[in-house]
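Q: Quick one: this structure, given as structure tokens, is what I'll be asking you about.
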Amino acid sequence: MVFAAELARLAGRLGDGEVARHRSILASVGLPVSYRADRWGELSTAMRRDKKARGDLLRFVVLDGIGRPARLEGPDPSLLTAAYAAVSSDAPNPPATPR
């Protein structure tokens, strides 16, 4: 969920505060908020097999704001790697400050 939030932020659909809120809420219930930095290849392969993918077209459910789900189709690969970098365990995670 944090990856999808970061992807939405990088695509201009979700703000920094909303992403921080995601991190905070998920962490508060014990869910992971980061990936190991060396797992991008594994995750990328899994995304291509996901039920939402159509051929080489990756599709994600993201938010256009809190409570506003939307579909993001075929994001640029640079957005995917940037979102992964933002949630990798090597990335500095800013303190979550929910609104």
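The values are calculated or read from the model by the stated rules, or taken from the named source; none is laboratory data. Treat the numbers as computed from the prediction; the structure is a model and nothing was measured. Neighbour counts are summed over all protein chains in view; Cβ atoms, including those assigned to glycine, are modelled from backbone coordinates with ideal geometry.
Q: What are the residues in the stretch 53-85 that are closer than 12 Å to Ala8 by Cα and aliphatic (A, V, I, L, M), if any?
A: Val61, Val62, Leu63, Ile66, Ala70, Leu72, Leu79, Leu80, Ala82, Ala83
Q: Restricting the search to the stretch 4-43, which residues are of a type outside the set (A, V, I, L, M, F, W, C), crowded, with 16+ Cβ neighbours inside 10 Å and in a loop (DSSP other than H, G, I, E, B)?
A: Listed by number, the residues that qualify are Arg13, Ser34.
Q: Another question, then. Could you grab the pairs with beta carbons closer than 8 Å, sequence gap of 6+ or different chains, first residue in the stretch 29-51 and over 10 Å from Ser89 (Cβ atoms) and at pLDDT 80 or above, second one of a type in the set (A, V, I, L, M, F, W, C) and in a loop (DSSP other than H, G, I, E, B)?
A: That search, which allows pairs on different chains as well, returns Leu31/Met1; Met47/Ala53; Met47/Leu58; Arg48/Leu58.
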